[in-house]
Amino acid sequence: MSSAAYDWLHQSLNTIHKAHWHRSVRSLDGMAGPVMTCDGKPVVNFASNDYLGLAGDPRLAAAAIAAIQTYGTGSTGSRLLSGHRDLHRQLEQAITNWKGTEDAIVFSSGYLANIGTISALMGSRDLILADQYNHSSLISGAKLSGATVQTYQHGDVADLQRQLEQQRSRYRRCLIVTDSVFSMDGDLCPLPEILDLADHYDCMVMVDEAHGTGILGTNGSGAVEYLGCRDRPLIQMGTLSKALGSLGGYVTGAAHLIDYLRNRAPSWIYTTGLTPADTAAALAAIHIVQTEPQRRDRLWQNVRQLQRSLQTLIAESTTNCFTSLLPSDSPILCIEVPDAATVMHLGQRLTGSGFLVSAVRPPTVPTSRLRLTVMATHEPSHIQQLVEVLGRLAIAGLPAT
Ligand SMILES: *Cc1c(COP(=O)(O)O)cnc(C)c1O
């Protein structure tokens, strides 16, 4: 590209570099699991969303292979034209049964589920109230809908109520939208209180269970189950791409909601149906989640072991390398650090020591942090070794700048 019209890209990239915001990909090799290979060396993976270790499970692979042999690799069309298979319906029914809802619709990703659903439900005469830490796909969906979008303070029901009191009557429909488990913090939204407000102010509520599905609740169906809200009117969204080890997204709730989305959600209508392999893998995963609660028990044992060790480490640390451990009710544990340069330095040191940990910085999050995700398939020794390495880094302190 030689045209001067593209020169601004260099300037923009320079700005990104100067702020330590530049990102690039890194290749992880080998079968998905707690130990993978990075640059030819083994690394213990504390950066995966594969919480139950299902992405490398041979039963999911067998289901995907069987689906390819039966149907082929692509679903060859959009669901309303030629892309609908019986497998899609089986998956939607499995989600419905698991969640105790009336119907479900599967999208080709969680991102597409969010932008399609919010933009179908809301329009220019409507109000969306969104937690300030909501996932990017919820923010994009809200913008795309053309509705007025306002954020409330993270998890702050009083702030939400204040905004409803002041604004609700000026709009036709109102949607309150929130992550159930916040993806970059690991804490839970106050769903019962949000639902009470929604009742009082005549609002719909949409909850994003990307990090709750498969993990929380007696049946692992998510935070809605865990928080006792299964019988409340609610739009539940989730992904097949995290604890379920496949790819895709879903929305579940009342039958007329789902029927409406099949008729109005552009990111479902105008895109190719989920592949047979992904569909079959997700279906196998839901079966495993329902029949093997011991995976969830292992996951929570690991979470508690790491959480306790990190609390001790940070309490006893005399350097200012780790500011705090953020409150969490999930396998997502975040250690706050002073700034972006420090978090990048720590991330590289951890990789060098054989531990893959996400270094997350602004603009993704307000404050820089190491984001650790725990898997059911981590060995206790993986967790012990990680904590030892973090302890050595804390003693070494901040890099000289
Ligand atoms: C990952 C994620 C999504 C998107 O799901 P994909 O299936 O990966 O597209 C949506 N919401 C939240 C909170 C997420 O963490």
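Using a ≥ b ≥ c from the Cα gyration tensor of the chain (square roots of the eigenvalues), is it rounded, prolate or oblate, where a/c under 1.5 gives rounded and otherwise the larger of a/b and b/c decides, a/b for prolate?
Rounded, since a/c falls under 1.5.
Among DSSP beta bridges whose residues both lie in the chain, state the antiparallel percentage, nearest 5.
60
Sort 231-241, 362-372 by packing, meaning the average of other beta carbons within 10 Å per residue, with the highest value first.
Packing proxy ranking, top to bottom: 231-241, 362-372.
Would you mind checking which residues have amide H under 5 Å from THR151's amide H? H placed 1.01 Å from N; only 5 or more apart, or other chain.
ALA130
Pop out the ³J(HN,Hα) list for segment 197-202 in order, Karplus 6.51 cos²θ - 1.76 cosθ + 1.60 with θ = phi - 60°, rounded to Hz; leave Gly and Pro as x.
4, 4, 4, 5, 9, 6
Give me the 1.4 Å probe accessible area per residue for segment 58-291, excluding ligands and nucleic acids, in Å².
That works out to 39 Å² per residue.
For segment 12-25, in order, what is each residue's ³J(HN,Hα) by Karplus, 6.51 cos²θ - 1.76 cosθ + 1.60 with θ = phi - 60°, in whole Hz (x at glycine and Pro)?
Result, ordered by residue: 5, 5, 4, 4, 4, 4, 4, 7, 6, 9, 5, 10, 8, 8 Hz.
Antiparallel versus total DSSP beta bridges in segment 58-291: what percent is that, nearest 5?
Percent antiparallel among DSSP bridges in segment 58-291 is about 40.
Roughly what would the spin-label model give for VAL25 and ALA5, points 7 Å off Cα along C-beta, in nm?
2.7
Kindly report, to the nearest 10 Å², the accessible surface of HIS200 as traced by a 1.4 Å probe over protein heavy atoms only.
140
Compute, for TRP300, the solvent-accessible surface of its heavy atoms (probe 1.4 Å) with the complete set of protein chains present, and express it in square angstrom to the nearest 10.
Counting only protein heavy atoms, TRP300 exposes about 50 Å² to solvent.
Using the charge dipole of segment 58-291 (Lys, Arg: +1 at Cβ; Asp, Glu: -1 at Cβ; taken about the Cα centre), state which of HIS135, LEU164, SER109 has its Cα farthest towards the positive end.
Of the options given, the answer is SER109.
Which Cys residues of the chain have no other Cys beta carbon under 4.7 Å away?
CYS38, CYS189, CYS229, CYS321, CYS334
Using only DSSP helix segments of four residues or longer, with each worth -39500 (n - 2.57), what per-residue ellipticity at 222 nm results for the chain after dividing by its residue count and rounding to 500?
-13500 deg cm²/dmol
What's the center-to-center distance, using Cα atoms, between segment 1-49 and segment 121-140 in Å?
28
Tell me, what ³J(HN,Hα) does each residue in segment 67-81 have, in order and in whole Hz, if you take phi through Karplus 6.51 cos²θ - 1.76 cosθ + 1.60 with θ = phi - 60° and put x for Gly and Pro?
3J(HN,Hα) across segment 67-81, in whole Hz: 5, 5, 5, 7, 10, x, 7, x, 8, 6, x, 6, 4, 7, 9.
Quote the charge dipole size of segment 33-152 about the Cα centre in Debye, to the nearest 20; the model charges only the Cβ of Lys and Arg (+1) and of Asp and Glu (-1).
So the dipole magnitude of segment 33-152 works out to roughly 180 debye.
Amide H to amide H under 5 Å from SER324: which residues, 5+ apart in sequence or cross-chain, H placed 1.01 Å off N in plane?
Residues meeting the criterion, in which the H sits 1.01 Å from N, are GLU336.
Can you list the residues, at least 5 places off or on another chain, whose amide H is less than 5 Å from the amide H of SER368, using H built in the peptide plane?
Amide H neighbours of SER368, under 5 Å, 5+ apart: VAL337.
Determine the sum of side-chain charges near VAL35: Lys and Arg each +1, Asp and Glu each -1, restricted to other residues whose C-beta is under 14 angstrom from that of VAL35.
-2
Which is farthest toward the positive dipole end of the chain among ALA285, GLY123, LEU310, measuring Cα position about the Cα centre, with Cβ charges +1 (Lys, Arg) and -1 (Asp, Glu)?
GLY123
Roughly what percent of Cα-Cα pairs across segment 58-291 reach past 33 Å?
14
The values are calculated or read from the model by the stated rules, or taken from the named source; none is laboratory data. As the structure is a computational prediction, the values presented were derived from the model and not from experiment. All Cβ positions, even for glycine, are placed from backbone atoms using ideal geometry, and neighbour counts span all protein chains on display. All accessible areas refer to the heavy atoms of the entire protein, side chains included, with ligands and DNA or RNA removed. Shrake-Rupley method; radii C 1.70, N 1.55, O 1.52, S 1.80 Å.
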